[in-house]
Amino acid sequence: MGALFDAIRGSIAPHIDQPKVYYKLKRLKSKFDHAVPSAVVSRHEQRLRDLCKKVWGANFGLPAEKDAAPEEDEEDEEEERGRGNVPDAAAMLPVATEVLDAYWKTDGPALSGVSLEKGLSKLATEDARWIEAKWRRQLDAEVHSQIKRHDLAKEVYGLLLDAIKGLGP
């Protein structure tokens with residue numbers, strides 16, 4: 001990896017270091033290794049796919065049949081432990097999805113490499129309900145706090161107006 005980074009160092013921005021390049025390559029490999037090639041792709045995406053095939057091999061991007069069975073076993077084990085999938089996380093967890101969406105767009109992929117919806121869909125139903133209720137309580141508390149703040153500001157402005165009127169012409 002060091003030789004590759006040294007070779008491309010002059011053509012990338014100075015703030016990009018070797019771990020960032022490694023992480024980007026790792027994400028690209030994972031994306032194109034697990035993504036099903038679609039019929040409609042941009043020129044840029046097609047060029048990336050062609051480069052990935054050159055770098056990682058001709059079978060790149062095609063899911064292996066032998067890898068499908070262990071994933072099903074893992075899902076069965078999760079369901080046995082009470083951690084079934086939430087069918088539609090965005091519909092079942094609208095508040096959590098909305099609150100976490102902006103954060104996840106900036107920091108989520110770096111933390112886990114998984115989309116927010118996919119991550120939320122892995123929650124057990126009870127956990128999902130608990131998280132949704134907790135976020136609702138938090139947002140309600142914030143709204144009540146803002147209402148109190150607004151009422152206090154209204155009182156202060158009223159007192160200031162009375163003081164200004166009391167000063168006279």
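Rule-based calculations on the coordinates, nothing more; no lab input. All of these numbers come straight from a predicted model, not from anything done at the bench. For neighbour counting, all protein chains shown are included, and Cβ atoms are generated from backbone atoms with ideal geometry for every residue, glycine included.
Structure notes:
- Farthest toward the positive end of the dipole of the stretch 87-169, out of Thr97, Tyr157, Ser145, is the Cα of Tyr157, where the dipole comes from beta carbon charges about the Cα centre.
- Cα-based Kirkwood hydrodynamic radius, the stretch 87-169, one decimal, Å: 15.8 Å
- Among the listed pairs Lys20/Lys122; Lys24/Lys54; Lys20/Lys118; Lys24/Lys122; Lys134/Lys154; Lys26/Lys105, a Cα-Cα separation exceeding 20 Å is found for Lys20/Lys122; Lys20/Lys118; Lys24/Lys122; Lys134/Lys154.
- Here the stretch 87-169 is assigned +1 on the Cβ of each Lys and Arg and -1 on the Cβ of each Asp and Glu. Its dipole about the Cα centre then comes out at about 160 debye.
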